[in-house]
Amino acid sequence: MVVFGGVFGAAMVAGFVNEPDLAIAAEDPGMAGRFKDLSENGNSTCSAKFTESIATMPSTSRIKGSCCSPMEMKRYIEQLNGLTKYRDIAMIPVDPYDIPAGIAQKLIPYYDVKLSGDEQQAYDYARANSNEKGPCCCQCWRWKVYGGLAKFLIREHGFTGKQVVDVWDLSDGCGGGE
């Protein structure tokens with residue numbers, strides 16, 4: 001086993017980090033610490049109770065970590081780099097594994113927005129063509145938050161279905177690879 005300055009020993013035993021991830025982490029120790037924190041100290045679950053709890057979280061709280069599978073450093077860095085092109089849209093979380101509760105609270109109501117015919121076609125395209133066949137792999141809090149985000153982006157920013165697919169695929173917070 002290779003140990004990167006002692007930082008990843010426990011994560012490697014738990015299966016969170018593989019050797020290629022260590023090479024990436026070695027290039028940016030700050031990123032390594034962030035990854036370690038998010039992959040080991042998440043508070044996110046797929047339960048209905050967790051989804052309901054978002055409404056009562058302080059807006060400064062963070063929804064952290066993956067829901068379903070361990071995070072992978074290489075994919076995490078690809079996601080963060082890919083999301084930089086959307087930095088000018090404040091409602092798109094810059095980190096799919098560290099989401100401000102305040103943004104989630106604003107996006108969940110958008111999930112229930114009724115779209116026009118053309119808007120709905122864009123949303124339906126995204127559902128059919130995204131990696132997870134929707135905003136997430138299951139209909140959890142991410143489904144509502146990122147489903148709401150899609151409707152917000154379509155309605156307020158004129159996003160196409162292909163653009164929503166890009167945001168959803170880059171924002172996949174289920175863990176694992178693509």
Checking Lys162 against (1) modelled with pLDDT of 95 or more; (2) assigned to a loop (DSSP other than H, G, I, E, B); (3) surrounded by fewer than 20 Cβ atoms within 10 Å (Cβ to Cβ), the condition it does not meet: (2)
Could you tell me whether any residue of segment 102-118 is over 27 Å from Ala55 (Cβ atoms), in contact with a helix residue (DSSP H, G or I) (Cβ under 9 Å, 6 or more places away or on another chain) and not acidic (Asp, Glu)? yes
How many of the residues in segment 106-122 are surrounded by fewer than 17 Cβ atoms within 10 Å (Cβ to Cβ) and either out of contact with any Phe, Trp or Tyr (no Cβ under 9 Å at 6 or more places or on another chain) or part of a helix (DSSP H, G or I) (or both)? 8
Can you tell me which residue within segment 58-72, out of those that are at pLDDT 90 or above and surrounded by 17 or more Cβ atoms within 10 Å (Cβ to Cβ), is farthest from the chain's Cα centre (by Cα)? Ser61
Filter segment 74-90 down to the residues that are touching a Pro at 6+ places or on another chain (Cβ under 8 Å) and crowded, with 17+ Cβ neighbours inside 10 Å, then identify the one that is nearest to His157 (Cα to Cα). Leu83
Looking only at residues that are surrounded by fewer than 16 Cβ atoms within 10 Å (Cβ to Cβ) and out of contact with any Cys (no Cβ under 8 Å at 6 or more places or on another chain) in segment 126-154, which one is modelled with the lowest pLDDT? Gln139
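The values are calculated or read from the model by the stated rules, or taken from the named source; none is laboratory data. The model shown is predicted, which means the values in this text are computed figures rather than measured ones. Note that each Cβ is placed from the backbone with ideal geometry, even for glycine, and that neighbours are counted across all protein chains shown.
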